[in-house]
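K.L.:
Take a look at the following structure, please.
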Amino acid sequence: MNRLNASFKEEQYINMWWFRLILAGSLAVVIWAVYETWGSTQLYENIGAAILFWGSLLIGTLIIIAVWFWKLTTHIDNYGITVKCLFINKKVNWDEIEHLEVLDYGFIGGWGVRIGTKYGTVYNTSGSKGMAVVLKNNKKFLIGIQKEQELKKIVEKWKNTSL
């Protein structure tokens with residue numbers, strides 16, 4: 001396994017106030033729905049409706065909580081690149097990488113994990129800057145970043161090192 005003398009760590013969160021307001025409003029609607037139906041006998045007369053209602057509330061609440069606490073962590077060390085977010089823990093060693101580039105990817109349709117873009121899978125929280133990675137097996141992915149200049153130095157080091 002090849003090594004690159006590098007150290008980079010970045011943690012990103014979705015911190016837009018208006019987005020947090022939308023999430024809080026959505027959670028308020030869920031709480032209101034529970035309050036309004038708590039003693040309803042009509043809901044429990046139809047078991048299918050009860051399962052659908054409570055299942056939808058549970059899934060909706062879990063999604064709100066997951067988005068509220070969303071964190072994208074990028075870690076680059078001597079051995080490779082690690083990306084972590086929610087249930088994803090992707091580790092790529094330097095000797096698996098064919099091409100590496102820091103670029104402005106523009107808007108790709110939102111935040112989170114985007115599959116099937118021209119950059120492959122995209123992991124981002126905000127902004128339009130990212131590190132595009134192409135592996136030797138032709139798989140691609142892109143990591144959204146905020147520390148562009150710091151990462152450009154690591155990419156240049158990788159390009160200039162005979163790995």
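Read-outs throughout are calculated quantities, based only on the coordinates presented, and are distinct from any laboratory measurement. Keep in mind it's a predicted model, so treat the numbers as computed, not measured. Cβ coordinates were reconstructed from backbone atoms using ideal geometry, including for glycine residues, and neighbour counts include every protein chain displayed.
K.L.:
Out of (1) in contact (Cβ under 8 Å) with a residue 60 or more places away in the chain; (2) surrounded by fewer than 12 Cβ atoms within 10 Å (Cβ to Cβ), what's the single condition that is false for W111?
P.N.:
W111 satisfies all of (1) in contact (Cβ under 8 Å) with a residue 60 or more places away in the chain; (2) surrounded by fewer than 12 Cβ atoms within 10 Å (Cβ to Cβ) except (2).
K.L.:
Ok, one more. Pick from segment 132-158 the residues that are under 14 Å from the mean Cα position of the chain (by Cα) and among the aliphatic types (A, V, I, L, M): which of them is surrounded by the most Cβ atoms within 10 Å (Cβ to Cβ)?
P.N.:
Only one residue fits best here, namely I143.
K.L.:
With the requirement that a residue be of a type in the set (A, V, I, L, M) and either surrounded by fewer than 10 Cβ atoms within 10 Å (Cβ to Cβ) or over 24 Å from T125 (Cβ atoms) (or both), what does segment 29-62 give you?
P.N.:
V29, I31, A33, V34, L43, I47, A49, A50, I51, L52, L57, L58, listed by residue number.
K.L.:
Related question: On the given criteria, is K84 in contact (Cβ under 8 Å) with a residue 24 or more places away in the chain, surrounded by 14 or more Cβ atoms within 10 Å (Cβ to Cβ) and part of a strand (DSSP E or B)?
P.N.:
no
K.L.:
Check L57, L103, L27 and return the single one that is outside any helix (DSSP H, G or I), touching a residue at least 24 places away in the same chain (Cβ under 8 Å) and either of a type outside the set (S, T, N, Q) or in contact with an Asp or Glu (Cβ under 8 Å, 6 or more places away or on another chain) (or both).
P.N.:
Going through L57, L103, L27 in turn, the sole match is L103.
K.L.:
While we're on this one: Just give me the residues in segment 149-163 being of a type in the set (S, T, N, Q) and either closer than 16 Å to G106 by Cα or not in a helix (DSSP H, G or I) (or both), in sequence order.
P.N.:
T161, S162
K.L.:
Given the residues I64, I51, which is the only one that is in contact (Cβ under 8 Å) with a residue 40 or more places away in the chain, of a type in the set (A, V, I, L, M, F, W, C) and in a helix (DSSP H, G or I)?
P.N.:
Result of the check over I64, I51: I64.
K.L.:
Limited to segment 111-135, what total is found for residues that are basic (K, R) and touching a helix residue (DSSP H, G or I) at 6+ places or on another chain (Cβ under 6 Å)?
P.N.:
Residues flagged as basic (K, R) and touching a helix residue (DSSP H, G or I) at 6+ places or on another chain (Cβ under 6 Å) within segment 111-135 amount to 1.
K.L.:
Any idea which of (1) in contact (Cβ under 8 Å) with a residue 24 or more places away in the chain; (2) out of contact with any His (no Cβ under 9 Å at 6 or more places or on another chain); (3) under 20 Å from K159 (Cα atoms); (4) of a type outside the set (S, T, Y) is the one L135 doesn't satisfy?
P.N.:
(2)
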